[in-house]
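Written out below as structure tokens is the structure these notes cover.
The values are calculated or read from the model by the stated rules, or taken from the named source; none is laboratory data. Predicted model, so just to flag it, every value in this text is computed and none were measured. As a convention, Cβ positions derive from the backbone with ideal geometry for all residues, glycine included, and neighbour counts pool all protein chains shown. Surface areas here come from the heavy atoms of the whole protein model, side chains and all, with no ligands, DNA or RNA. Shrake-Rupley method; radii C 1.70, N 1.55, O 1.52, S 1.80 Å.
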Amino acid sequence: MQLSLSKLCLLLHLLFIQLAVCAQTGVGDYRSGFEKKGNAVFFSNEHADVRIEFCTESMLRIRTSWTRHFEENEPWMVVKYEWPEAQVTVKETADAFLLETGRLKLTIQKSPFSINIFSSDGQLLASETLPGPGGAYKDGDAVFCRKQMGADEHFFGFGERMDFTDQRGKQVSLNVGRGTGRPHIIGAYNVLKANYCPVPFFMSTRGYGIFLHNSFASEWDMGASQPGAYSFRAENGELDYYFIYGPGFPAILDQYTDLTGKAPLMPLFALGLHVGTYSGGTWGHEEMTSTSYVVNLVRKFRETGIPLDILHLDSTWRIFGKNGGKGATTFEWRETFDDPKGMFDSLYAMHINLAGVHIRPRFDNGDKLNLLDQARALGFTYPEANNPGEFVNFFDQKAVDWWWKNGVMQVASLGARFVKTDEGSAFGHQANESEKVGPTGLEAEKLHNVFPLAYAKAPYEKFMQFNGIRGMNHTREGYAGIQRYPFIFAGDWPSEWQYFAPVVKAGINIGLSGVGNWAHCMGGFEHDADPELYIRWCQFGLLSPVAHLFGMDHPGYKEPWNYGEDALPIFKKYTLFRYRLIPYLYSHSYEMYLTGMPMMRALVLEYQDDENVYPISDQYLLGSQMMVCPVTVKGAQTREVYLPKGVWFDYYTGKRYSGKQYLQVLTPLDQIPILVKGGAIIPMQEAMNYIGEKPVDLITLEIFPEGNSGFSMYDDDGKSLDYQKGAFARTDITCSQKGSMVQVGIKKPQGDFPVSERKYILKIHSEMAPEKVVLNGMLVDRAGWQYDETSHVLTITPAITSKHDIAVDISFKTGK
């Protein structure tokens with residue numbers, strides 16, 4: 001029989017895998033020792049023990065130990081280990097064990113030991129039955145697992161990836177850091193090496209997710225090297241992973257963030273504009289820094305009418321020390337800052353809601369403070385080879401307390417209210433500006449990926465207590481669980497067109513990985529920005545979960561008046577638009593706290609069965625109602641947009657489109673394409689210079705009627721943790737459209753938080769002019785509403801306030 005070349009290659013490939021497995025140790029055959037304790041089932045096998053814990057009816061924890069001892073539970077990635085009793089039935093046959101919950105069925109073959117998982121209706125989800133070896137294996141110190149890959153299976157997640165959204169057929173390496181080659185264009189700026197926030201978690205379009213609960217560096221082969229199979233491998237530690245059944249992606253994310261922690265609400269003002277500054281002097285220009293530059297910068301924002309809430313001073317606020325230079329923190333002010341306290345007082349007098357400073361995780365000695373020497377003497381630095389180390393040991397609470405009291409309080413006592421925790425990747429990895437790698441050895445390798453969590457957790461919790469309000473931390477690196485210490489930003493990407501689209505992709509992917517409070521440096525970080533790029537990037541940034549403006553280029557610094565005559569008015573336009581959207585954004589922040597659903601949503605999150613959305617990495621849903629389509633091509637006058645199923649409206653014109661089609665839309669420089677779902681209800685407030693400037697006593701509802709729809713607007717005090725105890729209110733808004741009739745209902749706020757009385761304006765987008773408007777059963781005379789024939793918007797200002805339920809019935813003319 002003559003074999004085709006392709007079949008011969010496949011056989012050789014499988015032979016190679018079989019030979020490689022000879023050096024590997026699998027689980028072997030089941031031998032004895034089956035035992036069920038509570039939610040956990042134990043299997044003793046020829047080479048390893050396996051423990052399967054049913055956390056819920058749809059989530060399993062699967063652990064394999066070749067030492068026959070399971071590791072202690074760690075405190076950094078996972079926050080929930082105790083689960084209520086799950087109803088699990090167990091049956092044993094001659095060849096297998098059958099385990100079943102209300103939602104999952106497991107068939108566990110005895111020889112060789114393997115786990116196949118089905119939905120309760122019998123649909124195969126994940127199988128370890130493969131042409132080649134499948135299941136759990138150990139190769140030296142490394143542990144890995146290989147499973148069957150479905151012919152139509154696609155994979156999403158893996159953290160802040162900048163390469164692809166759909167990782168089917170790809171190799172993925174997860175280890176906190178970035179490229180280290182020189183020059184930076186092949187190292188730090190290599191999007192294929194970008195790993196600022198890897199998350200060892202993916203979701204499959206088959207309806208399940210896998211979270212590898214292991215902090216060592218990991219490799220994921222998602223069908224790249226073996227057709228029909230995928231595998232994941234950790235360099236050391238225990239093979240410990242969670243299997244999470246949805247089948248919808250939102251349900252998987254909800255369970256994953258139950259496991260690793262929900263994102264808490266940040267202060268309401270954190271949804272406003274954040275600005276970072278080098279205080280007039282970036283690296284190489286440090287002598288130009290001053291307190292007056294910082295004060296005048298905020299003053300200029302106020303004078304130009306651009307809202308601003310949060311400011312941070314980046315690294316040149318401090319002197320660079322004698323040991324670590326730019327890569328460490330002395331907590332000692334540079335001599336050019338003549339009055340730091342007066343500076344902070346001035347910022348708060350101009351109603352900056354929060355001001356902070358940049359730090360790095362190493363201690364250093366300055367001219368007056370010798371914090372590194374003191375910390376070393378006390379044992380509060382993490383030991384390195386042949387020296388007591390430089391990194392604050394954020395894994396030791398006593399070291400954290402000392403760092404806070406003797407380091408951070410040097411700036412907090414003067415007015416700093418948060419820190420930007422930068423370069424968390426340098427623990428056990430090459431630092432940005434030096435060849436240092438910090439701690440080394442097996443323990444450091446295990447802690448490397450969770451160090452950014454410990455580093456972010458410390459100031460988040462300390463400042464929350466110090467400020468007496470909700471915490472907010474600004475950090476660059478993360479890993480599974482970083483969403484608990486919001487927020488994270490995308491790292492140091494240059495102001496070049498080639499990096500803009502990958503940053504958009506990073507935001508889409510990190511949202512698919514359970515991290516919703518995300519930002520990036522609008523306009524890019526390093527290099528002077530092309531004015532068009534600056535505008536396009538800022539449009540995207542102002543419609544991102546967190547809006548963060550910051551740049552290193554001297555003397556522009558990404559300040560909006562420095563990038564051509566068009567930049568300032570367009571930046572102001574979209575900043576005001578963002579501030580008007582605060583009720584919409586805040587309502588989705590609360591949804592994220594409840595369910596793990598990010599504010600910036602990949603289309604696949606809501607349209608999982610539509611293969612057209614799988615490769616889309618330049619469109620996203622902002623919340624549940626709006627689709628944002630950044631323009632990432634220089635000089636583009638149009639761009640292609642895909643509309644998933646349903647009805648869609650152009651936000652600017654109100655034009656109606658049917659879904660499941662591609663559109664070519666116009667992209668004038670002052671406009672980022674936005675489409676909204678049919679039935680969208682978007683609550684908006686009046687713009688203001690800073691959050692809290694005036695009461696929110698007027699809400700405008702932008703409504704695009706289509707069928708039946710609703711929106712729940714969320715309110716609380718915006719600062720305290722009382723929302724976690726039930727001190728919040730919800731205002732339910734509905735819209736029903738049938739033929740030429742539209743009904744809008746606005747309920748009184750319900751809940752334990754007292755919402756101040758407010759009025760409403762309804763802006764209803766309809767190509768038909770109204771015939772009559774009825775408010776709570778009473779006909780509204782013509783003076784009570786206006787219809788704009790050009791914009792096709794009906795504006796109604798009800799005379800009734802939020803103290804009462806409001807019902808508006810509109811009859812539209814059926815012809816023009």
Of the convex hull drawn through the C-alpha atoms of segment 24-69, the volume per residue in Å³ is 78
What's the center-to-center distance, using Cα atoms, between segment 188-212 and segment 49-101 in Å? 24
Quick one: plug the Kirkwood hydrodynamic radius of segment 488-624 (C-alpha pairs) into Stokes-Einstein at 25 °C, 0.890 mPa s, and report D in µm²/s. 160
In sequence order, what are the phi-derived ³J(HN,Hα) couplings for segment 269-283 according to the Karplus relation 6.51 cos²θ - 1.76 cosθ + 1.60 with θ = phi - 60°, rounded to whole Hz, with x for glycine and proline? 5, 5, 7, x, 7, 9, 10, x, 9, 8, 6, x, x, 6, 4
What figure, in Å² to the nearest 10, do you get for the accessible area of GLU435 with a 1.4 Å probe and non-protein molecules left out? 140
Between GLU85 and ASP152, with labels modelled 7 Å along Cα→Cβ, what's the label distance in nm to one decimal, could you check? 4.1
Amide H neighbours of SER114 under 5 Å, counting only residues 5+ apart in sequence or on other chains, H built in-plane at 1.01 Å? GLN109
Starting from the eigenvalues of the Cα gyration tensor, five times each then square-rooted, give me the equivalent ellipsoid semi-axes of segment 664-783, largest first, whole Å. 28, 22, 15
Starting from the Cα coordinates of segment 757-816, work out the convex hull volume and express it per residue in Å³. 78
Which trypsin sites (Lys or Arg not before Pro) from segment 332-402 combine a DSSP loop assignment with at most 12 other Cβ atoms within 10 Å? LYS368
Inter-label distance for ARG656 and GLN465, nm, one decimal - labels placed 7 Å from Cα along Cα-to-Cβ: 5.8
Ellipticity estimate at 222 nm from DSSP helix runs (n ≥ 4, -39,500 (n - 2.57)) divided over the chain, nearest 500: -5500 deg cm²/dmol
Near LYS80, which lysines are there with a Cα under 20 Å away, not counting those fewer than 8 places off in the same chain? LYS37, LYS262, LYS457, LYS725
Any idea what the alpha-carbon Rg over 2.2 N^0.38 Å comes to for segment 336-404? 1.44
Based on the Cα atoms of segment 249-342, what semi-axes does the equivalent ellipsoid have, where each is the square root of 5 times one gyration tensor eigenvalue, given in whole Å with the largest first? 34, 22, 10
In order over segment 554-562: 3J(HN,Hα) from phi, Karplus 6.51/-1.76/1.60, θ = phi - 60°, whole Hz, x for each Gly or Pro, gives 9, x, x, 6, 6, 6, x, 8, 9
Checked segment 65-156 with the C-alpha gyration tensor, a ≥ b ≥ c its square-rooted eigenvalues, rounded below a/c of 1.5, otherwise prolate if a/b is larger than b/c and oblate if not; verdict rounded
Using DSSP to define loop residues, name the trypsin sites (Lys or Arg not before Pro) in segment 248-327 whose beta-carbon has at most 16 other beta-carbon atoms within 10 Å. LYS322
Between ASN323 and ALA727, how high is the FRET efficiency from 1/(1 + (r/R0)^6) when r is the Cβ-Cβ distance and R₀ = 51 Å? Nearest 0.05. 0.60
Gained length - GLU57 relative to ASN612, 0.36 nm times residue gap less alpha-carbon distance: 196.6 nm
How big is the gap, in Å, between the Cα center of segment 709-786 and the Cα center of segment 264-301? 38
Please give every one of the lysines within straight-line cross-link reach of LYS813, meaning a C-alpha to C-alpha distance under 20 Å, and leave out same-chain neighbours fewer than 8 residues apart. LYS655, LYS738, LYS763, LYS772
Pulled fully out, how much extra length does the chain show between ASP121 and GLU693, if you take 0.36 nm times their separation in residues and subtract their Cα-Cα distance? 200.4 nm
With the cut-off at 28 Å, report for segment 269-414 the share of all Cα pairs above it, as a whole percent. 25
For ASN365, residues with placed amide H under 5 Å, excluding near neighbours: LYS322, ASN323, GLY324, LEU372
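Segment 36-130: which GluC sites (Glu not before Pro) are DSSP loop and have at most 13 other beta-carbon atoms within 10 angstrom?
GLU71, GLU72, GLU82, GLU85
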Can you tell me what share of the DSSP beta bridges in the chain is antiparallel? A percent to the nearest 5 is fine. 85
Cβ-defined net charge surrounding GLY679, 13 Å radius [Lys, Arg +1; Asp, Glu -1]: +1
Here FRET efficiency (C-beta to C-beta, GLU435 to ALA783, R₀ 60 Å, nearest 0.05) is 0.20
Classify the chain: rounded, prolate or oblate, from the alpha-carbon gyration tensor (a ≥ b ≥ c, eigenvalue square roots; a/c under 1.5 rounded; otherwise prolate if a/b is larger than b/c)? oblate
Which whole-Hz ³J(HN,Hα) couplings does segment 49-59 yield from phi under the Karplus relation 6.51 cos²θ - 1.76 cosθ + 1.60, θ = phi - 60°, glycine and proline marked x? 9, 10, 10, 10, 10, 8, 5, 9, 5, 10, 10
Listed by chain and number, the residues whose amide H is under 5 Å from that of ALA126, excluding neighbours fewer than 5 places away on the same chain and using placed H, are ILE117
Any idea how far the Cα center of segment 318-343 sits from the one of segment 415-466, in Å? 19
Simple spin-label estimate for ARG302 and LYS368 in nanometres, 7 Å along Cα-Cβ: 2.8
Compute log10 of I(q)/I(0) for segment 318-370 with the Debye formula, placing one identical point scatterer on every Cα and leaving out solvent, at q = 0.24, 0.27 Å⁻¹, to two decimals. -0.88, -0.98
